[in-house]
Each structure stands twice: as C-alpha cells, then as structure tokens.
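The values are calculated or read from the model by the stated rules, or taken from the named source; none is laboratory data. Here the structure is a predicted model, which means the values were calculated and not measured. Ideal geometry is used to build each Cβ from the backbone, glycine not excepted, and the neighbour counts take in all protein chains shown. Each accessible area value is taken on the protein alone, full model and side chains, heavy atoms only, with ligands, DNA and RNA left out. Shrake-Rupley method; radii C 1.70, N 1.55, O 1.52, S 1.80 Å.
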Amino acid sequence: MSRRPQARIDTAALLHNLQRVRETAPAAKVLAVLKANAYGHGLLKVAETLKDANAFGVARIDEALMLRAGGVVKPIVLLEGFFHADELPQVVASNLQIVVHHPSQVEALVQARLDAAVQVWLKLDSGMHRLGLLPDEFLQAYQQLSQSPNVIKPMRLMTHFACADELKSLATTQQMQQFFAVVEGCQGELCLANSAGVFAWPQSHGDWVRPGLALYGVSPLEDGDASALHLQPVMTFCSSVIAVRTVQAGDKVGYGGSWTATQPTRLAVVAIGYGDGYPRNAGNHCEVLIKGKRYPIVGRVSMDMTTVDIGDAPIEQGDEVVLWGEGLPVEEIAAKVQTIPYELLCNITSRVEMHYL
C-alpha cells in the first residue's frame, strides 16, 4: 500500500452537485468555477467530468490555456479579465471570454486591433469593493464597449456578492437592488449568484449562476451543512497508519511536547502533515476517521506525520485514515482550525496522489 496521502475524487458526486445547482436554479445557465486547480480537485479532470456545464470560469489566463491544451473546447471565462493589453491576441486566439472590471481594460479593449470580437462580461462593483466598475464608470463603459467592433453584442452584465453566505445580512439585498437599478435599460444576460447566491438568494439567479464551492460538495453558507443542501462531498482526503506505538502516563508527544498522556495508551502515526496540505494547527483540536470511528489528533501536526490517540482500538499499520470526507466534513475541520473550507481544499500539495473514481 502506498504511504503517500491520497485525495479520492468522486466524479459521481461532482455530477450530483451540478444537478443540485440546476434543480435549485432551473432557469439559469451554469458557469462552473474551476479556478485554483478546481479548488484542489484537479483542473482537467473536473472539467472533463462537468462537460454538461454551460461554461467554465477560471481566474487567470494560464488556467484557461491549460484547459485548452487539455482539449477543452467549452466556453471559458477569465474572471479577473486580462491583465495587460498584450494578452488580448491570446484571448482571441484561444477563444476566451473576459470579465471587464476596470476603466483601463475598457480603454485597452476599445483601442486594440483584434482578429475577432470578444465576449465581455461587464462587472459592476455593487458593494464588494474589490473588482468592478462603479455605477457611473459602468454605464460609460457599457456605452463605449457597445460601440466597439471588438466586443460581441450583447455583453453579459455581472456583479459579485460580499456577504451572500450570511443569511441575516442586509448586504446582499442592497447589492441586488443597486445592480438591478444600474443595469435597467441595458441589454445583456445577467449574472449575480455565486454558490451561496444559488442556494440562499433565489432572486439573484438571473440568466447565469456561477457555482464554485457547492460543486465540490461543501456548503457555501456560514455555519452551513452540505447535507442539508443535498450536496455530496467530492473529496476524501486520506492517508494510512505507518506505525502503532504505546506511550505511558506522563509521556509527552511530538514537537514541543504539546500533549501529555494522562494514562497508558496507544498512538497511531499517520503519514500526513502540513507538507501535504493538512493544517498544522489541527494538532490537539481535530479528529480523524478510522474504520468509521473518530479519534483525536494529539500533539503537533508535523511536516510529514500526525499522531492520533487510538486507545485500545484494533487499529494496525496500513489502516486507512480519513482526514476529511464522508462522515467528517471539511467544513468541520475548517471551523476547528479557524479557517474556511476553500483554504483547506486549495492547500492540497503535489505530494498527494489524486485518484478519480
């Protein structure tokens, strides 16, 4: 048995989650977000699995070119747009679509000499205050781009929610109100909803939804439960026991001796660590799953190994250890280490073997 940690990717769960998005937003097209190596799940394999999505969204042009090189012909949207005018010929050559979110991009696109027109997603800053044109800039850009031969008409009009995961927040309603007020009278399909928008704000569905986290079986809602949304976890992050040893009462375990045995017990040493993407601060906070039962991590997580208190359980060298997946949601691990599931999934390193089931 390989001692390398594994990330098992359940492609049937991916397809199920795409179907859940379609059931929840039945009138909308789906822009499946695959940025950051498909949230750690493998860019090309996920794209091949989600071939029934209407389009794919990535952050940067290198991700789009990897998809094209892998044989993906479906529409691809650069969610951060182009960084420099020099990229526009490549955008055209690779048949990419671009988000335009800054006046400098508008100017560069209007002035460019291109071999073909480009599909533009014009982005309004409705309250996120990260990327996007302010209302006056948006309407000016809409007029300029509507007159440019470099732009396919009609454009698509979009915004991004800052607090859609917070169901009690008024911010999302305010953002929707501003977006609809600004785009009134503009032609083009509308795109507002991210994963949280899909499941919590049906009035935001528009013509396109762009799910990311939900596709991978993780709740996009604050303190949410994926199973309550009928989403299925896609990744099982696992490794194996490489040693079982006994410690006595008073023995300190791991770097810094941060955990002390209060009685004689047995420890399973697991081939997983922060070098593989498992969070270092999970030590003395999180649990793992072995043979369907939970056991606590004791001592610090090191670069390559983690120790688990198994007591007198019949656990042996070679037994599988689940760090997150079915029965141990990544949302739970994220909460215990005071981060978000996105970060844990994206932090999976190249030392981890990817298996697609």
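Before moving on, here are some points about what is shown:
- Verdict on residue 176 being closer than 30 Å to residue 145 by Cα and open to solvent by less than 60 Å² (accessible area, probe 1.4 Å): yes
- Cβ-Cβ under 7 Å pairs, at least 6 apart or on other chains, the range 243-262 side surrounded by fewer than 10 Cβ atoms within 10 Å (Cβ to Cβ), far side outside any strand (DSSP E or B) and of a type outside the set (A, V, I, L, M, F, W, C): 248/264
Okay, residues lined up against (1) over 19 Å from the mean Cα position of the chain (by Cα); (2) in a loop (DSSP other than H, G, I, E, B):
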position: 180; (1), (2): yes, no
position: 186; (1), (2): yes, yes
position: 192; (1), (2): no, no
position: 196; (1), (2): no, no
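- Residue match in the range 165-172 (condition: open to solvent by 60 Å² or more (accessible area, probe 1.4 Å), among the hydrophobic types (A, V, I, L, M, F, W, C), more than 23 Å from residue 99 (Cβ to Cβ) and in a helix (DSSP H, G or I)): no
- Unmet requirement for residue 140, which otherwise passes all of (1) open to solvent by less than 60 Å² (accessible area, probe 1.4 Å); (2) over 29 Å from the mean Cα position of the chain (by Cα): (1)
- Residues that are assigned to a loop (DSSP other than H, G, I, E, B) and either modelled with pLDDT of 95 or more or among the polar types (S, T, N, Q) (or both), drawn from the range 319-350: 319, 329, 337, 338, 339, 340, 347, 348, 349, 350
- Checking the range 149-162 against the condition returns no match, with no residue being surrounded by fewer than 24 Cβ atoms within 10 Å (Cβ to Cβ), over 20 Å from the mean Cα position of the chain (by Cα) and over 23 Å from residue 79 (Cα atoms).
- When the range 206-223 is limited to residues that are out of contact with any helix residue (DSSP H, G or I) (no Cβ under 7 Å at 6 or more places or on another chain) and assigned to a loop (DSSP other than H, G, I, E, B), the one that is least open to solvent (accessible area, probe 1.4 Å) turns out to be 210.
- The residues on offer are 99, 106, and the sole one that is surrounded by 18 or more Cβ atoms within 10 Å (Cβ to Cβ), in a helix (DSSP H, G or I) and at negative phi is 106.
- Taking the criterion of being open to solvent by 50 Å² or more (accessible area, probe 1.4 Å), among the charged types (D, E, K, R), over 22 Å from residue 189 (Cβ atoms) and touching a helix residue (DSSP H, G or I) at 6+ places or on another chain (Cβ under 9 Å), the residues of the range 22-68 that qualify are 45, 48, 60.
- Contacts under 9 angstrom Cβ, first residue in the range 316-335 being under 15 Å from residue 279 (Cβ atoms), partner basic (Lys, Arg) and open to solvent by 50 Å² or more (accessible area, probe 1.4 Å), 6 or more apart: 328/294
- Pick from the range 41-98, criterion more than 25 Å from residue 348 (Cα to Cα) and of a type in the set (S, T, N, Q), ranking: farthest from the chain's Cα centre (by Cα): 90
- Some residue of the range 281-289 being under 14 Å from residue 239 (Cβ atoms) and open to solvent by 10 Å² or more (accessible area, probe 1.4 Å): yes
- Of residues in the range 183-205 being aliphatic (A, V, I, L, M) and touching a residue at least 40 places away in the same chain (Cβ under 8 Å), the one surrounded by the fewest Cβ atoms within 10 Å (Cβ to Cβ): 183
Residues are listed down the side, and each one gets a yes or a no for (1) of a type outside the set (Gly, Ala, Ser); (2) touching a His at 6+ places or on another chain (Cβ under 9 Å); (3) without any contact (Cβ under 8 Å) to a residue 12 or more places away in the chain; (4) closer than 24 Å to residue 178 by Cβ:
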residue: 115; (1), (2), (3), (4): yes, no, no, no
residue: 118; (1), (2), (3), (4): yes, no, no, no
residue: 123; (1), (2), (3), (4): yes, yes, no, yes
residue: 126; (1), (2), (3), (4): no, yes, no, yes
residue: 131; (1), (2), (3), (4): yes, yes, no, yes
residue: 137; (1), (2), (3), (4): yes, yes, no, yes
residue: 144; (1), (2), (3), (4): yes, no, no, yes
residue: 148; (1), (2), (3), (4): no, no, no, no
residue: 156; (1), (2), (3), (4): yes, no, no, yes
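- Total residues in the range 224-246, condition assigned to a helix (DSSP H, G or I) and either of a type in the set (A, V, I, L, M, F, W, C) or on the phi > 0 side of the Ramachandran plot (or both): 3
- Just one of (1) within 26 Å of the chain's Cα centre (by Cα); (2) within 25 Å of residue 317 (Cβ to Cβ); (3) in contact (Cβ under 8 Å) with a residue 40 or more places away in the chain fails for residue 298. It is (1).
- The single residue among 273, 318, 311, 292 that is under 29 Å from the mean Cα position of the chain (by Cα) and either open to solvent by less than 60 Å² (accessible area, probe 1.4 Å) or of a type in the set (Phe, Trp, Tyr) (or both) turns out to be 273.
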